[in-house]
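Peer 1: Quick one: the structure is below, and I'll ask about it shortly.
The values are calculated or read from the model by the stated rules, or taken from the named source; none is laboratory data. All values reported here derive from a predicted model rather than from experimental measurement. As a convention, Cβ positions derive from the backbone with ideal geometry for all residues, glycine included, and neighbour counts pool all protein chains shown. All accessible areas refer to the heavy atoms of the entire protein, side chains included, with ligands and DNA or RNA removed. Shrake-Rupley method; radii C 1.70, N 1.55, O 1.52, S 1.80 Å.
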Amino acid sequence: MNYIISLLAFVQAFYYLNRISKKTTWVVTLIYFEVIYNLIIKFLIGNTPLPSMFNYLSDVVLIIILMAFFRQSFGKVTGIPRTMLLCGSVLLVVSLVSYAINLYSPLQYLWGFRNNFRFILFAIMCAVYLQKQDIDTIMDILYGFFLTNILVVSYQFFFLPHTRVSFGDFISGLFSNGSVRGGNGSLNWLMCIVCTYQTVKFLNEGKNTKRLMLCWAGALYMAALAEIKLLFIQLVIICALAVVICKKSWRSLVFTLAAILSILLGIQLLYIAFPEFDQFFRWETMLSYVTHQEGYAGKGSAAGLDRLTAIPYVLKNFLPNWSEKLFGIGLGNADYSSYSFLVSSFYRANSWTGYIFFSSSFITVELGIIGFAVYLMWFLNDIRKAVTVSVQTDQEKSAKDMAAIIGLIAIMTIFSNQTMKLEASAYMVNCVLTFPFILAKTVPGQAGKPRVPTIGARIGKNTQLLG
């Protein structure tokens, strides 16, 4: 059955890429490839003879995209939104200052650079190359894989044998092979993005009611089977934010009531699938869950290190002096890899504490308070752009509203897990967060006319940096 699912995922990916390649340039096709490839590659590697080295194909593709950009722009930073360039550059400077203070292996720094800056560079390329018409195409692709994941999650829950102790952790759809933990965080992101987009489209445009219902029902169903408790909280946030920022109409009231009922039904389904979480969604239980003193991973992890306590823990225990508190121990100097020569000595000594489980503590260890603050600025800038960009149609408003909500969810996720550092989710999320910058490339009053040359022959000319 796993081979059949692998074939289905491959055929679906090939269909989308083949269709896209006929309508756009090869560079834009590679950007689509980055998103689609990382939606399925974990499952393919786990269930076919593909070697694990295929995890790094997306790195090669990103390098090719960057080479094409610099070749076409002749080394000029043309077409790059100035605020994205500023935030990325400041984070780079902070990482270099941290390296200069700590002076460790250059190879370790480069590995850390790869693990953190690849998503920033990809986001910049999305902002430069993608056009407004690509937004709906990307969202249709994510919706297609969302539907596929419903089938895969059902198969993994009902037909794969697992121990009851960590049953839900193994349910990850196409984001893992279904027999190891790790992946349902990326599945959670796919559900968040698809549900948010369909929600804002319904509230702003009054369209796709059936698709909205299917997305919410499918997401709640998968969240219950995969024990993704975080999604229920995120859906409440998505609902509240969407009602506030989207167009006001009778649809807002109907949607709010339907969303509340759906979430309550989804929670009951979770309790049926996992009786041990009965009454989990009480304030006292949830607060204890994110701050419990035995640590996030229970036995064998550091006491006191959890979602809301991770940063204070690492500042107290790993960063004793002020230079380390401000700039950390160095980018990549707390990182790890399946290749032993890239595993840092800090990770070997302290991985048991679980600091890698949260992006917040991971980044703070490596880049300190300043580095973490600048990292957050990257996402705050995405939200700022989503709020301030001018749009002309309800369709464009839906895209910017979705990006604003996803930006806030991204910041929340930084404190709750490490999915913003994983290629299975971070490429997808960062692509979606660039939608407001893509919309900004349209001249007011002239919808569809780009401010920068359409990519192909397109970046060779001088163009202004966009905000």
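Peer 1: So, of the residues in the stretch 221-237 that are open to solvent by 10 Å² or more (accessible area, probe 1.4 Å), assigned to a helix (DSSP H, G or I) and within 18 Å of Phe274 (Cα to Cα), which turns out to be modelled with the highest pLDDT?
Peer 2: So, considering only residues that are open to solvent by 10 Å² or more (accessible area, probe 1.4 Å), assigned to a helix (DSSP H, G or I) and within 18 Å of Phe274 (Cα to Cα), the one modelled with the highest pLDDT is Tyr221.
Peer 1: Report every pair of residues separated by at least 6 positions or lying on different chains whose Cβ atoms are under 9 Å apart, first residue within the stretch 381-396 and in contact (Cβ under 8 Å) with a residue 12 or more places away in the chain and open to solvent by less than 20 Å² (accessible area, probe 1.4 Å), second of a type in the set (D, E, K, R) and part of a helix (DSSP H, G or I).
Peer 2: So the pair list comes out as Ala386/Lys400; Ala386/Asp401; Val389/Glu396; Val389/Lys400; Glu396/Lys132.
Peer 1: Would you call Val61 over 28 Å from Leu151 (Cβ atoms), surrounded by 13 or more Cβ atoms within 10 Å (Cβ to Cβ) and either hydrophobic (A, V, I, L, M, F, W, C) or in contact with a strand residue (DSSP E or B) (Cβ under 8 Å, 6 or more places away or on another chain) (or both)?
Peer 2: Values: over 28 Å from Leu151 (Cβ atoms): no; surrounded by 13 or more Cβ atoms within 10 Å (Cβ to Cβ): yes; either hydrophobic (A, V, I, L, M, F, W, C) or in contact with a strand residue (DSSP E or B) (Cβ under 8 Å, 6 or more places away or on another chain) (or both): yes.
For Val61, the condition - over 28 Å from Leu151 (Cβ atoms), surrounded by 13 or more Cβ atoms within 10 Å (Cβ to Cβ) and either hydrophobic (A, V, I, L, M, F, W, C) or in contact with a strand residue (DSSP E or B) (Cβ under 8 Å, 6 or more places away or on another chain) (or both) - is not met.
Peer 1: Taking the condition surrounded by 12 or more Cβ atoms within 10 Å (Cβ to Cβ), modelled with pLDDT under 85 and touching a helix residue (DSSP H, G or I) at 6+ places or on another chain (Cβ under 7 Å), does Ser288 pass? Quick ask: steps written out before the conclusion?
Peer 2: Details: surrounded by 12 or more Cβ atoms within 10 Å (Cβ to Cβ): yes; modelled with pLDDT under 85: yes; touching a helix residue (DSSP H, G or I) at 6+ places or on another chain (Cβ under 7 Å): no.
The answer is no for Ser288.
Peer 1: Quick check on my filter: what residues within the stretch 238-252 are of a type in the set (S, T, N, Q) and either surrounded by 18 or more Cβ atoms within 10 Å (Cβ to Cβ) or not in a helix (DSSP H, G or I) (or both)? I'd like the intermediate steps shown before the answer.
Peer 2: We begin by selecting, within the stretch 238-252, every residue of a type in the set (S, T, N, Q); these are 249, 252.
Matches in the stretch 238-252: Ser249 only.
Peer 1: Take Ile356 and decide whether it is at pLDDT 85 or above, over 27 Å from the mean Cα position of the chain (by Cα) and under 30 Å from Leu235 (Cβ atoms). I'd like the intermediate steps shown before the answer.
Peer 2: Values: at pLDDT 85 or above: yes; over 27 Å from the mean Cα position of the chain (by Cα): no; under 30 Å from Leu235 (Cβ atoms): yes.
Spelling it out, it is not the case that Ile356 is at pLDDT 85 or above, over 27 Å from the mean Cα position of the chain (by Cα) and under 30 Å from Leu235 (Cβ atoms).
Peer 1: Only one of these conditions is not met by Val343: (1) of a type in the set (Val, Ile, Thr); (2) touching a residue at least 40 places away in the same chain (Cβ under 8 Å); (3) farther than 18 Å from Leu92 by Cα. Which number is it?
Peer 2: Among (1) of a type in the set (Val, Ile, Thr); (2) touching a residue at least 40 places away in the same chain (Cβ under 8 Å); (3) farther than 18 Å from Leu92 by Cα, the lone unmet condition for Val343 is (2).
Peer 1: Just the residues that are farther than 30 Å from Leu160 by Cα and either among the β-branched types (Val, Ile, Thr) or in contact with a strand residue (DSSP E or B) (Cβ under 9 Å, 6 or more places away or on another chain) (or both), please, taken from the stretch 223-271. Even if it seems obvious, please write down each step before you answer.
Peer 2: Restricting attention to the stretch 223-271, the residues satisfying the condition of being farther than 30 Å from Leu160 by Cα are 236-261.
Once the filter is applied, which keeps residues that are farther than 30 Å from Leu160 by Cα and either among the β-branched types (Val, Ile, Thr) or in contact with a strand residue (DSSP E or B) (Cβ under 9 Å, 6 or more places away or on another chain) (or both), the stretch 223-271 yields Val236, Ile237, Ile238, Val243, Val244, Ile245, Val254, Thr256, Ile260.
Peer 1: Can you tell me which condition Gly295 does not meet? The list is (1) modelled with pLDDT under 95; (2) touching a Gly at 6+ places or on another chain (Cβ under 8 Å); (3) closer than 30 Å to Cys239 by Cα, and all the others hold.
Peer 2: (3)
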